Each structure stands twice: as structure tokens, then as C-alpha cells.
Amino acid sequence: MLEFGAALAGAVLVTVNPAYQPKELHYVLAQSRSSGIFYLPAFRGNPMGRYLEEVRADLPDLRELISFEDWAAFLASADPDQALPEVKADDPVQIQYTSGTTGFPKGAYLHHRGITNNGRLFGQRFGVTDEDVYVNPMPLFHTGGCVLAVLSAIQAGATLVCMVQFEPGLMLELLEHEQATHLLGVPTMLIAVIEHPDFSRRNLERVRGVCSGGATVPADLVRRIESTLGVKFSIIYGQTESSPAITLMKPDDTPEDKAGTLGPVLPQTEVKVIDPQTGEILPTGESGELCARGYLVMLEYFEMPDKTAETIDEDGWLHTGDLVSMDERGYATITGRLKDMIIRGGENIYPREIEELLFEHPSVADVAVVGLPDAKWGEVVAAFIRDANPDAPADDEALQSYLREHLAPTKTPKLWYHVDEFPLTGSGKIQKFAIRERWERGGYESH
């Protein structure tokens, strides 16, 4: 209701992660120059009301603090005779702060044309209709929740079931009780669901479509979901700056495509693959940076002209920072990320390739491969493993031998770490910069 009300009123909605601590909250409210905020006094033990009181003295633009506990009174205070402004398609509608997997967030300034069409086109390819029930565990402060779930379901006329917060047992209960047909979630959510002890006891026969993205979707996870649930899996690729979807797997695509590609580009979107150094368009099959152009590209990073110029060029191309190869059909395959790329002794190493292999190993529940500084090589490859069975951790020598069967020696991790959990963004992506920072502080013990 708040998302639609703000849009109709011509107000720019700034979404805020309810897990923010005072420093993060202050940054977002100050950088966006927010004039009002709706909040819950506390959420999952986070005292948001108290944090607001701590930071509001340093926020001269912040005039209104409205608790959701007073939502009914707020609605009753409206003037029914006040006319709504004329809102144009290219007017700004939201500031969505990037998830911060590589550092402090930037505010993607999105417009009406971008998010409404992106939600509609996503829903059409995902196969959502007015007879479907769509369960959404994605947070509404993220484009995955407020665009790919809310806007796609509403434009299709589907029933939308939103979770206040993700919890795998609750999601299983909702999928069964609401007779859900479609589900959207990042890989960490799906892994938690299929590992939950109630998974095999739930009747999920009506679920026919599962979509995941927002992070690397391992091929083995796709196979596990499709074989276990008997559903059609779709992989979405995009980023907040593109409203967010750029490509989306077709539900009927082949198992080979689902195991190795991101699927084709969504309608009304231009893409190209370029050499990151020269900017030249590369031949089919060669790896380079993916760029996108069209209705979906954000207006700017809010009041960050230098950062905007680094991301959107003079011809309107959004530089994603992701490395892909594209076949003759236009199906893209992620090969790495410019900022994730490990440079070991002058050789470029892409973590995704290593992560895919490790994820297929039965001893590994989840994995992040990170480049760590080294005096001799510049960087070395380090693997951070969450064990499938914590009581019987994966054997590092066995994992190393397993990788050596498939990869060159230079790509095999030199350092191995076992973790109980990963630092995650609010949308469930692994924060590799946070892993590196903790490692620099001595927070991990090598095996």
C-alpha cells in the first residue's frame, strides 16, 4: 500500500533495510535527503525506533517519523479532496540502495517506466497468471521483492503472499497452506528450504515455477530443485541499477541451458559484450563485460555524478561489471565479475568457476571463493566452505584433489577456511568484501 501510495502521490520512496544499525541508517537517510520515514519500533530485535531517535538530530531534512503502529490514524488524517499530481513515466519513483556486496551502498534512482515494465515483462516470462499464487520471501526494501514479486503479481492479477521475514520452516508452511504455484528466492534461501527437516513432509505438488538469482545460482542447485520438486526452474540475472531484471531463463529451456546459462535477454532491452579495456564489442562466445541499455536503466546514482559516469556511459549503456560470454542465440553465461576477479601472478582467475565445482561436492553446503593478498603472487585463491555436515567437516585435501581433476593448479585454492555462516546482505547475497575484511582482522582460522 505504501509503495503504491507514494507512487501515485509523486513522492520518491526510499527503501530502508530494517536491520540497519545507526551509522547505516543515518547514511541512507542523509544521502537521500529523506523528509519522512515510516518505521516499526522494533523488528527481529533491532530497536529501529530508538536508532531513529539517536540519528534524527543530525538529519535536518527529516521532518516526519510515522510508526506503522499508527498506520490507521495516518490514513484517517488524509484529505480526500486533495488532488493527486500528474506523474509521468520517466519521473523518479524510488531510491534503492545497492546491496553492498563490494562496499558502502549507492542509491539507484529508479523511475516509473523502469520498474513497472520490468515487473510486467518478468512475470510474463516466468509464467505468472491470474490463477496463480506467488509466495515471496524477498524483502520489500529490495527490487526482488517490490518489483519482481509485487509489481509482477499485481499486473498479472495473481495472489501474492508476502513473508514479513524469511524463515525456511515458515516458507514451507506457506507454500503448502496457500497452495503456491510460484516462488522467488535467492540461492541461500532455497538451500535453507531444501535442507529443512520439514521439506520432505510438505505437500508442494502445486508448485510449478521457482525462480532464483541475485547471486550465482549453482548448476547443481538447479538440478536438485527441479528433480526434488518436479518444477521448472528459471534463473534471473540483473541488478538494482537495471530495475532489476536483464535476462531471465524461460521455464521450458533445456536442462543444459539451465545448468550453464542465464537464459535470454528480456524484451525491450539491448545488450552487448565488450572488452573491458578497449570498449570494443567482442565476437560471439568471447568473455567480456555485459552492458545493457533501454527503458530499464536507472536515472543515476542519486547525487553521485562521478559514480554515475563510471556506470552509465554517454550513449546510455549501463556497465554491469559482470563478465559473460554470449552464444549465437543471445543466451548469456556468467564467467566472473570484474571486482571479484582474482589476479594471481598476472593470471586472471574467476571465482565462479571454482565455486560451481565445489558446490557440486556432497561435503559442501555453500561456498565463497575470494582473492586474498599475497606478497609473492599479489593474490592467492582462498575457499570459504560451509560444510554440509558440521559434525563431519569436508576434508581440504580431498577437496583439493577433487578440484585438481577439473582445474589447472593455479586455480586450486591455496587457503581453506570452514565457516558456520557467511556475512550476507539483506537480500541474501554473500558479502565477499566483508569476508576479506574479517580475514584481515584475523577472524578466520586456516586449515
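Determine whether segment 184-196 contains at least one residue that is among the charged types (D, E, K, R) and either part of a strand (DSSP E or B) or touching a residue at least 40 places away in the same chain (Cβ under 8 Å) (or both).
The first filter runs over segment 184-196 and keeps only residues among the charged types (D, E, K, R), leaving 195.
Narrowing further to those that are either part of a strand (DSSP E or B) or touching a residue at least 40 places away in the same chain (Cβ under 8 Å) (or both): 195.
Looking for residues that are among the charged types (D, E, K, R) and either part of a strand (DSSP E or B) or touching a residue at least 40 places away in the same chain (Cβ under 8 Å) (or both), one finds at least one in segment 184-196, hence yes.
Restricting to segment 108-147, name every residue that is part of a loop (DSSP other than H, G, I, E, B) and within 18 Å of the chain's Cα centre (by Cα). Working first, answer last.
Looking only at segment 108-147, we keep the residues that are part of a loop (DSSP other than H, G, I, E, B), and these are 127-132, 137-142, 147.
Within segment 108-147, Pro137, Met138, Pro139, Leu140, Phe141, His142, Val147 qualify.
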* Test: residue in segment 275-293 that is closer than 13 Å to Gly114 by Cα and surrounded by fewer than 19 Cβ atoms within 10 Å (Cβ to Cβ) -> yes
* strands (runs of 3 or more DSSP E) (entirely within segment 333-399) containing at least 2 residues that are closer than 16 Å to Tyr417 by Cβ, modelled with pLDDT under 95 and out of contact with any Cys (no Cβ under 9 Å at 6 or more places or on another chain) -> 364-374, 378-387
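Name the single residue that is nearest to Lys23 (Cα to Cα) among those in segment 55-67 being loosely packed, with under 13 Cβ neighbours inside 10 Å and not charged (D, E, K, R).
First pass over segment 55-67, keeping only residues loosely packed, with under 13 Cβ neighbours inside 10 Å: 57-58, 60-61, 63-64.
If we keep only those that are not charged (D, E, K, R) too, we end up with 57, 60.
Numbers: Ala57: 13, Pro60: 16 Å.
Checking each candidate, the answer is Ala57.
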* Asked: Looking at segment 387-416, which of its residues are closer than 13 Å to His361 by Cβ, among the polar types (S, T, N, Q) and either surrounded by 12 or more Cβ atoms within 10 Å (Cβ to Cβ) or touching a strand residue (DSSP E or B) at 6+ places or on another chain (Cβ under 6 Å) (or both)?
  -> Gln400
* **Near pairs, Cβ below 8 angstrom, 6+ apart or cross-chain, from segment 287-313 (in the same structural domain as Gly330 (by TED's automatic domain parsing) and assigned to a helix (DSSP H, G or I)) to any residue that is of a type outside the set (D, E, K, R) and modelled with pLDDT of 95 or more** => Lys307/Tyr301; Thr308/Tyr301; Glu310/His319; Thr311/Tyr301; Thr311/Leu318; Thr311/His319
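Look through Tyr109, Tyr27 and report the one residue that is in contact (Cβ under 8 Å) with a residue 40 or more places away in the chain, under 26 Å from Ile435 (Cβ atoms) and not β-branched (Val, Ile, Thr). Show your work before the answer.
On the way: Tyr109 fails: under 26 Å from Ile435 (Cβ atoms).
The unique qualifying residue is Tyr27.
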* Structure fact -> Condition set among the charged types (D, E, K, R) and assigned to a loop (DSSP other than H, G, I, E, B), scope segment 30-54, selection surrounded by the most Cβ atoms within 10 Å (Cβ to Cβ): answer is Arg33
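Would you confirm whether or not segment 312-325 contains a residue that is over 22 Å from the mean Cα position of the chain (by Cα), buried (at least 17 other Cβ atoms within 10 Å of the Cβ) and at pLDDT below 95?
Let us first name the residues in segment 312-325 that are over 22 Å from the mean Cα position of the chain (by Cα), namely 313-316.
Those left that are additionally buried (at least 17 other Cβ atoms within 10 Å of the Cβ): none.
No, segment 312-325 has no match at all.
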* Asked: Under 8 Å by Cβ, and 6 or more places apart or on different chains, what pairs join a residue from segment 378-403 that is in the same structural domain as Val364 (by TED's automatic domain parsing) and polar (S, T, N, Q) with one that is surrounded by 14 or more Cβ atoms within 10 Å (Cβ to Cβ) and in a loop (DSSP other than H, G, I, E, B)?
  -> Asn389/Ser363; Gln400/Thr412; Gln400/Pro413
* **Those residues of segment 197-243 which are more than 18 Å from Val367 (Cα to Cα), polar (S, T, N, Q) and in a loop (DSSP other than H, G, I, E, B), in sequence order** => Asn203, Gln239, Ser243
* Filtering segment 244-258 down to residues that are in a helix (DSSP H, G or I) and buried (at least 16 other Cβ atoms within 10 Å of the Cβ), which residue is modelled with the highest pLDDT? -> Asp257
* To do: Would you mind stating whether Pro105 is surrounded by 13 or more Cβ atoms within 10 Å (Cβ to Cβ) and assigned to a loop (DSSP other than H, G, I, E, B)?
  => yes
* To do: Could you list all residues from segment 1-24 that are in contact (Cβ under 8 Å) with a residue 60 or more places away in the chain, more than 17 Å from Asp61 (Cα to Cα) and not in a helix (DSSP H, G or I)?
  => Ala9, Gly10, Asn17, Pro18, Ala19
* **Search result, residues across segment 30-82 that are among the hydroxyl-bearing types (Ser, Thr, Tyr) and either in contact (Cβ under 8 Å) with a residue 12 or more places away in the chain or within 16 Å of Phe141 (Cα to Cα) (or both)** => Ser32, Ser34, Ser35, Tyr39, Tyr51, Ser67
* Output the residue which, of all residues in segment 78-100 that are of a type in the set (Gly, Ala, Ser) and modelled with pLDDT under 95, is surrounded by the most Cβ atoms within 10 Å (Cβ to Cβ). => Ser99
* Asked: What pairs come up if the first residue lies in segment 428-447 and is in contact (Cβ under 8 Å) with a residue 60 or more places away in the chain, the second is part of a helix (DSSP H, G or I), and their beta carbons are under 7 Å apart, counting only those six or more places apart or on different chains?
  -> Gly428/Thr188; Gly428/Met189; Tyr444/Arg438
* Answer residue from segment 357-377, given it is touching a residue at least 60 places away in the same chain (Cβ under 8 Å) and of a type in the set (Asp, Glu) and is farthest from Pro393 (Cα to Cα) among those -> Glu360
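The values are calculated or read from the model by the stated rules, or taken from the named source; none is laboratory data. The shown structure was predicted, so the numbers you read here are calculated from the model rather than taken from an experiment. Glycine gets a Cβ as well: all are built from the backbone with ideal geometry, and neighbour counts include every protein chain shown.
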